[in-house]
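Worksheet: the structure to be examined is printed underneath.
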Amino acid sequence: MARRFSCPGSIGAVSSSFKTPLDITSTALTRPKIYSFVLSTLGAAADGVLEWILQRATAAATATAVTPRNIDPTDPGVAIVIAHTLTTVESATITANSSVFDQGVNQRATYTWNSWTEGAQILLPAVATNLMLFSCLSSVAPTYTGVANAQAFVEE
């Protein structure tokens, strides 16, 4: 049976260049499936727009590891998938033409995406150091410079 985990991430200061509050990293031992994610902000409400992009990468940036949380408390297993948050150096090696989601989301809104059926999940290969980056930027007035959150729900 598949195991499911929640991976929360945050970035403290959105800017006019992409910042990554969360990345999900596969390993050679598992093929992670992202079946849901939530994007939000924690700053003062305004009508600014954040561009959110999910794209693949093959090398990690400088970030803090986060332990994926087991959704089923009776499952003693520990996640194989790796997650990072609080990216401090945006140095990931992004794969060209690999975005699977690229949308503007009003800063006042919380955005939730769910795969609509089995097979519609966002898949990562069972290869070491393949990542899905959750990144955002604010480039439309009024600009937003506060906290942005991304939370992914992953099955392995």
**Complete:** I71 passes all but one of the listed conditions (1) of a type in the set (A, V, I, L, M); (2) over 19 Å from A28 (Cα atoms); (3) loosely packed, with under 13 Cβ neighbours inside 10 Å; (4) touching a residue at least 60 places away in the same chain (Cβ under 8 Å); the exception is number (3)
**Request:** Taking L39 as the residue in question, decide whether it is under 13 Å from the mean Cα position of the chain (by Cα), within 26 Å of S139 (Cβ to Cβ) and not charged (D, E, K, R).
**Result:** yes
**Prompt:** Right, I122: without any contact (Cβ under 8 Å) to a residue 40 or more places away in the chain, in contact with a strand residue (DSSP E or B) (Cβ under 7 Å, 6 or more places away or on another chain) and not small (G, A, S) or not?
**Reply:** no
**Complete:** Checked pairs for the stretch 1-23, first in contact (Cβ under 8 Å) with a residue 60 or more places away in the chain and crowded, with 23+ Cβ neighbours inside 10 Å, second of a type in the set (D, E) and part of a loop (DSSP other than H, G, I, E, B), C-beta under 8 Å and 6 or more apart or across chains, list as F5/E156; T20/E90
**Fill in**
In the stretch 28-58, residues that are part of a loop (DSSP other than H, G, I, E, B) and either of a type in the set (S, T, N, Q) or surrounded by fewer than 12 Cβ atoms within 10 Å (Cβ to Cβ) (or both) total 6
**Request:** Tell me which of these T117 doesn't satisfy, since it passes every other one: (1) in a loop (DSSP other than H, G, I, E, B); (2) surrounded by 12 or more Cβ atoms within 10 Å (Cβ to Cβ); (3) out of contact with any Asp or Glu (no Cβ under 7 Å at 6 or more places or on another chain).
**Result:** (2)
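Where a number appears in this text, it was derived from the coordinates with a stated rule and is not lab data. Please read all numbers here as calculations on a predicted model, not as lab measurements. Glycine also receives a Cβ, built like all others from the backbone with ideal geometry; neighbour counts cover every protein chain displayed.
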